């Protein structure tokens, strides 16, 4: 089955800790995206990548980092510099000029 | 920067009624997308509108695109409770997607 997966479903972060959210797709999409969604709000773009080994900052990149070493993988690290990381994180992928397919999401909570 | 505005942001309606959600965007684009999000879930693609005058229909939902007016509409016909969700429109510009704030639809029995 083709699709996009995210893990873990829930993630707990301690103060000062870096955590990494996984995103994998087997749709052969070139473009991948990370969004943050706060309760009752819309989506805000964190980072996106249109090709392997290249990525661009979105609107709220501070406190986050990404890598794109493989076409199918686009992990997001939430660093200790992100002071308010509690949110629902969504990964998406797409072919150029086509709709995005979203993963199931990861809920990040701060302990 | 490209802006996408949806209205209304909240919509409470009775079953069986019709209503329209509006999506305006600020720059030229020939591609507009509609997504649905159920509470606590991810987004799923509903419609892809690729040209001026495009109209797509799925069940009680119909989406249209007017690129000259930079306006898309999502029309709900004879609403049912199962349509209760948040609906997002989005525009892509050089593969960067811009989303509206979402319209939270509540269909009351």
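Under 18 Å from the 7 Å Cα→Cβ point of residue A:56, by amide nitrogen: which residues of segment A:21-47?
Once the point is set 7 Å along Cα→Cβ of residue A:56, A:30-36, A:44-47 turn out to lie under 18 Å by backbone N, inside segment A:21-47.
Ratio of segment B:1-67's C-alpha Rg to 2.2 N^0.38 Å, to two decimals?
Segment B:1-67 yields a ratio of 1.20.
Mind pulling up the Rg/Rh value for the protein assembly as shown? Radius of gyration and Kirkwood radius, both on Cα.
Looking at the protein assembly as shown, the ratio lands at 0.98.
Just to be sure I understand the model, the point goes 7 Å from the Cα along the line to the Cβ. What's the resulting residue A:111 to residue B:50 distance in nm?
4.9
Need one number: % antiparallel among DSSP beta bridges in chain A, to the nearest 5.
Roughly 90 percent of the beta bridges in chain A run antiparallel, per DSSP.
Per residue of B:27-36, how many C-beta atoms from partner chains lie within 10 Å of its own C-beta, taken as a mean?
Average neighbour count from other chains, rounded to a whole number: 1.
If R₀ is 25 angstrom, what is the calculated FRET efficiency for the pair residue A:27 and residue B:22, using the beta carbon separation as r and rounding to 0.05?
Plugging the Cβ-Cβ distance into 1/(1 + (r/R0)^6) gives 0.20.
Taking a quarter of the surface of the convex hull around the Cα atoms of chain A, what do you get in nm²?
6.6
Pull up the DSSP beta bridges for chain B and report the antiparallel fraction as a percent, rounded to 5.
90
What is the distance in Å between the Cα centroid of segment B:67-103 and that of segment A:53-78?
When both Cα centres are located, 27 Å separates them.
Per-residue Cβ counts within 10 Å, from other chains only, averaged over B:92-103: what number is that? If you can, show how the numbers build up before the last one.
On the way: counts 7, 0, 3, 13, 8, 11, 3, 7, 2, 4, 5, 0.
Mean partner-chain Cβ count within 10 Å for B:92-103: 5.
Just the number, please: percent antiparallel of the DSSP beta bridges in the protein assembly as shown, rounded to the nearest 5.
90
Using all Cα-Cα distances in segment B:7-109, what percent lands in each 5 angstrom bin from 0 up to the longest?
In whole percents, the pair-distance histogram is 3, 13, 25, 26, 18, 10, 4, 1, 0.
How well do other chains shield peptide A:36-42, expressed as the mean number of their Cβ atoms within 10 Å of each residue Cβ?
3
Every number here is computed from the coordinates shown, using simple stated rules; none is lab data. Remember, predicted model here, so these are calculated numbers, not experimental data. Glycine gets a Cβ as well: all are built from the backbone with ideal geometry, and neighbour counts include every protein chain shown.
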